[in-house]
Amino acid sequence: MTLTREDLPISQSPIVSKRAEFAAMARQHEDALLRTARRMCGADKDLAQDIVQDALVSAYRAYLDGRFDGRHPAAWLTRILTNCFLYAKRQNRTETGLDEEVIANMQGSMDHGWNSNIPGPDTKLMRETFSEPMERALMSLPESQRLCVLLADVEELPYAEVAAALDIPIGTVRSRLARARMQMLTVIRDMNQLEVLV
Amino acid sequence: MKLHKDSGDSLEPCPHMESMLNQTADGTASKLVEIYARAHAARCPRCGTFLARLTAMLGKLRRMSTEPAEPEKLDEKQWESLEARFAEVEG
């Protein structure tokens, strides 16, 4: 007797099995995704968790549509996470009327506060969340540079994939990385932490 | 070979070397560029220090993909909500 799709118990139906497969993959990568999202979002843990969940839903849609070739799941999920982060930023900009330059300036003011003796509430939160010199140097970068470093230097995506994920030319990836790395070295030196690079 | 004198605390490499040193440090340089950059860095204190620090920093950044070691997880409520959203996607 040949079983048809309808004869299978629900728990063994192809769609449930696909969902279980995907959930297993997602759980395997959730801590890496949350780490990356935290670094994208600064100290906003709730936003990071929301973005990871949105990314997993988008990824599941793509998975069901056969748009995942089964190779390099970490890189694939990181690209989707990046898209979700950029989408969330665009939505926020629309709602608040802030443009990227304003957000970058706000970020810069916050960064400057790290060297201040009297940290404001945001600065204090950032200090507690990103206490390591490398984390603080990373968080000192403007968002556009931080994303390049996160994708290329931390997650080790090839430059072409970083360019595709951020929708910028490869040359821009290279120049942003060069500026970002110099900025990070400067921040590490200003914290008197160059010895961490020995 | 154009060399600059070491200027103490300066982090900056010779301007014409910055791109080649970046590519050498992150492993994207062609063999020829890497040989040239390393030869320059061996004779130029500023570029030598820059390359060493940049290489060390990139090593630390790569390790950050698995650090902090304590894993972050979504809680079970969030997973339940995700499962419900997965079911919506299935339509």
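The values are calculated or read from the model by the stated rules, or taken from the named source; none is laboratory data. Everything numeric in this text was worked out from a predicted model, so none of it was measured. For neighbour counting, all protein chains shown are included, and Cβ atoms are generated from backbone atoms with ideal geometry for every residue, glycine included.
Could you list, in sequence order, the residues of the range A:176-196 that are within 20 Å of the chain's Cα centre (by Cα) and surrounded by fewer than 21 Cβ atoms within 10 Å (Cβ to Cβ)? Residues satisfying the conditions are A:Ala178, A:Arg179, A:Gln183.
Select, from A:Ala165, A:Ala160, the only residue that is more than 10 Å from chain B (Cβ to nearest Cβ), over 30 Å from A:Asp46 (Cβ atoms) and small (Gly, Ala, Ser).
On the way: A:Ala165 fails: over 30 Å from A:Asp46 (Cβ atoms).
Testing whether each residue is more than 10 Å from chain B (Cβ to nearest Cβ), over 30 Å from A:Asp46 (Cβ atoms) and small (Gly, Ala, Ser) leaves just A:Ala160.
In this structure, A:Asp54 qualifies as touching a residue at least 24 places away in the same chain (Cβ under 8 Å), of a type in the set (Asp, Glu) and under 25 Å from B:Pro68 (Cβ atoms).
Scan the helices (runs of 4 or more DSSP H) fully inside the range B:14-91 and keep the ones with 2 or more residues being exposed (fewer than 15 other Cβ atoms within 10 Å of the Cβ) and within 11 Å of chain A (Cβ to nearest Cβ). Break it down stepwise before answering.
On the way: elements: B:18-26, B:31-43, B:45-63, B:76-90.
Passing ranges, in order: B:45-63, B:76-90.
Taking into account only those residues within the range A:57-84 that are touching a residue at least 60 places away in the same chain (Cβ under 8 Å) and of a type outside the set (Val, Ile, Thr), which is nearest to A:Glu21 (Cα to Cα)? Looking at the filtered set, the residue picked out is A:Ala74.
In the range A:139-149, what residues are over 12 Å from the mean Cα position of the chain (by Cα) and surrounded by 23 or more Cβ atoms within 10 Å (Cβ to Cβ)? Correct list: A:Ser140, A:Leu141. Against the numbered list (1) modelled with pLDDT of 75 or more; (2) in contact with a helix residue (DSSP H, G or I) (Cβ under 8 Å, 6 or more places away or on another chain), A:Ser17 comes up short only at (2).
Of the residues A:Thr36, A:Thr82, only one is in contact with a Ser or Thr (Cβ under 9 Å, 6 or more places away or on another chain), at the interface with chain B (Cβ under 10 Å from one of its Cβ atoms) and at negative phi; which? Steps first, answer last, please.
Working: A:Thr82 fails: at the interface with chain B (Cβ under 10 Å from one of its Cβ atoms).
None of the others qualify; the one that does is A:Thr36.
Of a type outside the set (D, E, K, R), assigned to a helix (DSSP H, G or I), facing chain B (nearest Cβ under 9 Å) and crowded, with 19+ Cβ neighbours inside 10 Å, is that true of A:Ala152? Yes.
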